[in-house]
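Single-structure report; data block below.
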Amino acid sequence: MADPPRIYTYKVTFEEIPHWYWGVHKEEKYGELYLGSPKTNAWMWKFYTPQIQILELFPHSETGWKEANEVENRIIIRDLNNPLCLNEACAGTVSLKVCSESGKKGGKACHAEKNEDGKSAHAVKMGRSTFENRTGIFSATPEEKSNWCQVSGKIGGSTTAARGYFDINSPNSIKTPESLRKGALSQHAIRVRCKITGHVSTPCGLSQWQKARGINHLDPNNREKVNVEN
């Protein structure tokens, strides 16, 4: 009488390299050859010599299949971003490598369409929408907008605009340079002092100062407000 089929978790290793792959398998018949079903790194199974190690057996049933998958998930999730582990996904979670590659592919597809100026049509649209939502719609002349773009790189959150991701000659898109300068000056009027070194700067500037010198810039006890100019 033939042995019954099995459900088991396994580990695939390779003779030539130190990499490995975790998996779970439900046999159709006992002892069938199965070396995993990778997708991202499938080429390595053809290029190198894989060998399988059965780790744990489970009942050949729906309950056993569920238990085996739960064990597999626990094994893989802790190993997902290990550079030697060839698993790239686990129960809906993907590795950082896959996230990065997917993001690059998505970015290329998203920005493939160009406008008449050769800029990304998607970036132009999103840039305009973002700045209209953040700053409000304001009617300005092309000259005012051109001046605004020249100084906007010095104003927090405006670098995208300064790089020309939207048409500066289009009306009703941004605030005037004067209103933005006023907001920036108001923001940077605050001064704080490091209680340890006595250095005085803006909140952001002092954070960088303290961080560079090994001072905990997140501890409010290490700084104090000096003055606020309106």
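Derivation of every value follows stated rules applied to the coordinates shown; laboratory data play no part. Computed from a prediction, not measured in an experiment: that's the story for all the values here. Please note: Cβ atoms are built from the backbone with ideal geometry, for glycine as well, and neighbour counts cover all protein chains shown.
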Summing Lys, Arg as +1 and Asp, Glu as -1, what charge do residues with Cβ under 13 Å from the Cβ of Ala2 carry, Ala2 excluded?
-2
Report the local net charge at Glu224: Lys and Arg +1, Asp and Glu -1, summed over other residues whose C-beta lies under 14 Å from its C-beta.
+4
Excluding Tyr48 itself, what net charge comes from residues whose Cβ is under 10 Å from its Cβ, given Lys and Arg +1 and Asp and Glu -1?
-1
